[in-house]
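The values are calculated or read from the model by the stated rules, or taken from the named source; none is laboratory data. Here the structure is a predicted model, which is why all the values come from computation and not from measurement. Cβ sites come from the backbone with ideal geometry, for glycine too, and all protein chains shown count toward neighbours. Surface accessibility is based on the protein's heavy atoms, side chains included, excluding ligands, DNA and RNA. Shrake-Rupley method; radii C 1.70, N 1.55, O 1.52, S 1.80 Å.
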Amino acid sequence: QVQLQESGGGLAQAGGSLRLSCVASRVKIAGISMAWRRQVPGKRPEFVASITGGGCMNYSYPFNGRFGIFRDDTKNTVHLQMNDLKSEDTALYSCGFRDSFDWAWGLGTQVTVTT
């Protein structure tokens, strides 16, 4: 079973940038769709972006143009580049691995944007 370890979260100022990373272990991500989602307390998880094994990217509308998802299969890693951060981007960000039937999600890394 895949294990996902996110990193790169922390404090950032509004207008700043952060790059999140997610390293997968126990399985190879090559050819597998990966994704990021986020969640704030009391709300359902919100899809942020996904990338197919072939590199096709899909973004939820609010993030298109500010966020970028990319992958490095040689390092079994997927990244989320977040630019022009806003206070409403404060959330727990988790990466996901598309297995045969569903998404498997990591525990996440917290992003807090201050104004």
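Some values worked out for this structure:
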read-out	value
Those residues of segment 62-115 which are at pLDDT below 95 and polar (S, T, N, Q), in sequence order	Asn64, Ser100, Thr115
Tabulated pairs, segment 21-39, first among the hydrophobic types (A, V, I, L, M, F, W, C), second modelled with pLDDT of 95 or more and outside any strand (DSSP E or B), C-beta under 7 angstrom, 6+ apart or interchain	Cys22/Gly106; Val23/Asn76; Ala24/Asn76; Ile29/Asp73; Ile29/Asn76; Ala30/Gly53; Ala30/Asp73; Ile32/Gly53
Filtered residues of segment 73-92 (kept if farther than 21 Å from Gly42 by Cβ and without any contact (Cβ under 8 Å) to a residue 60 or more places away in the chain)	Asp73, Thr74, Lys75, Asn76, Thr77, Val78
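Yes or no, residue by residue, for (1) under 14 Å from Arg98 (Cα atoms); (2) part of a strand (DSSP E or B); (3) open to solvent by 70 Å² or more (accessible area, probe 1.4 Å):
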position: Glu6; (1), (2), (3): no, yes, no
position: Gly16; (1), (2), (3): no, no, no
position: Ala24; (1), (2), (3): yes, yes, no
position: Lys28; (1), (2), (3): yes, no, yes
position: Pro41; (1), (2), (3): no, no, yes
position: Ala49; (1), (2), (3): yes, yes, no
position: Pro62; (1), (2), (3): no, no, yes
position: Gly68; (1), (2), (3): no, yes, no
